[in-house]
Amino acid sequence: MLDIGRYNTLVVQREVDFGLYLNPKEEEVLLPAKYVPPNTRPGDSLRVFVYTDSEDRPVATTLDPKAVVGDVAYLRVNDTSPIGCFVDWGLEKDLLVPKSEQQSRMHVGKRYVVKVLLDKKTNRVYGSTRLARHCRKAPPDLSVGQQVRLMIYQFSKLGTLAVVDDQFLGLIYHSETFETLKIGERRPGYIRHIRKDGKIDLSLKKPGHVSIDGSGQRIMAALKKSGGFIPCHDKSRPQNIMDLFSMSKKEFKRTIGGLYKKRLIEISDQGIRLKTQGPKTSD
């Protein structure tokens, strides 16, 4: 059975002037001549992307789309019409984002985070920027601390919203954000908390000891660069800590506590200081 909107490995059945027909006749798919690899013959297997043409007939291509059904991608609007917008997804035929599937009005030349979907009634592939409508709640197999793939898609009063593994929605709170993020940016992240309602809290750093190790290296590097002393301690203002180390006060206190226990630094009312002698570490 054809998997519309995704890659399929199909066998060449017959050759015609305008291309190749793949798959048995009851479900045959045309691969237009301009996409046929050199020296391809009947009986060969080809990995192709299958979608539908303007007459809703399945058609194959050897071009690679920017996303397949189920994926999210940051796509540019090429054109608009009364029925919706058409975005460039890497194929000759642009992807339609119907008006009813637009979170807000879309404009030619601008880029948007779009989820690629399949209408099972018509077998048409379409796009949507209404991510909350089409993303699922966190499944049972997600766990705290697990690394995931994020795509940044929106900023809110609470923080930054991201799509998790192309399927779920999550939130990076302002307190967990220590760098500038951009809409459409892909980056690794971590599950910080999974709520009872299935919503996901995210972090850009792995929770627990791994985060402390990375933050510890940053503080140690800053201390060495400043000559071994920085006038910053656990009573310092949060903004001062953020400006110096790009981390929250909570993370700073946890990290310097860990460095102190390793006998790498001294903590006083004046600030933190490298110990002149201490055990070598493999951080």
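Any read-out appearing in this document is the output of simple, stated calculations on the displayed coordinates, not a laboratory observation. Just so it is clear, the structure is predicted and the values come from calculations on it, not from any experiment.
In whole angstrom, how long is each semi-axis of the equivalent ellipsoid of the stretch 147-203, when you take the square root of 5 times every eigenvalue of its Cα gyration tensor and sort them from largest down? Can you show the working numbers first?
Details: eigenvalues 48, 33, 21 Å².
Calculated on Cα positions only, the semi-axes equal 15, 13, 10 Å.
Starting from the Cα gyration tensor of the stretch 209-274, take the square roots of the eigenvalues, sort them a ≥ b ≥ c, and report rounded, prolate or oblate (rounded when a/c is under 1.5, otherwise prolate if a/b is larger than b/c, else oblate). Walk me through the intermediate numbers first.
Working: a/c = 1.26, a/b = 1.01, b/c = 1.24.
Rounded, because the longest to shortest axis ratio a/c is under 1.5.
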For each pair in Lys115/Lys250; Lys66/Lys249; Lys206/Lys261; Lys34/Lys99, compute the distance between the two Cα atoms and list the pairs where it is over 31 Å. Lys115/Lys250; Lys66/Lys249; Lys34/Lys99
Once normalised by the length of the stretch 44-123, the mean sequence separation of its alpha carbon contacts under 8 Å that are 6 or more apart gives a contact order in percent of 29 percent
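To the nearest µm²/s, what D does Stokes-Einstein give for the stretch 130-283 at 25 °C and 0.890 mPa s, using the Kirkwood radius over alpha carbon pairs as Rh? Before the final figure, lay out each step's value.
Values: Rh = 17.0 Å.
Reported coefficient: 145 µm²/s.
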Relative contact order for the chain: what is it in percent, counting Cα pairs under 8 Å that are at least 6 residues apart? 10 percent
Hey, if you drop one equal point scatterer on each alpha-carbon of the stretch 7-61 and run the Debye formula without solvent, what base-10 log of I(q)/I(0) do you get at q = 0.12, 0.28, 0.29, 0.30 Å⁻¹? -0.22, -1.25, -1.34, -1.43
Measuring from the lowest to the highest alpha carbon on each principal axis, how far does the chain reach, largest first, in angstroms? 82, 43, 36
Length gained if Thr9 through Lys120 is fully extended, taking 0.36 nm per residue and subtracting the Cα-Cα distance, is 37.9 nm
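Per DSSP H run of at least 4 residues, take -39500 (n - 2.57); add these up for the chain, divide by its residues and hand me the 222 nm value, nearest 500 deg cm²/dmol.
Values: 4 runs with 42 residues, N = 283.
So the helix-based figure for the chain works out to -4500 deg cm²/dmol.
Note down, for the stretch 72-132, the three equivalent ellipsoid semi-axes (square root of 5 times each alpha carbon gyration tensor eigenvalue), biggest first, whole angstrom.
Working: eigenvalues 49, 33, 27 Å².
That gives 16, 13, 12 Å for the three semi-axes.
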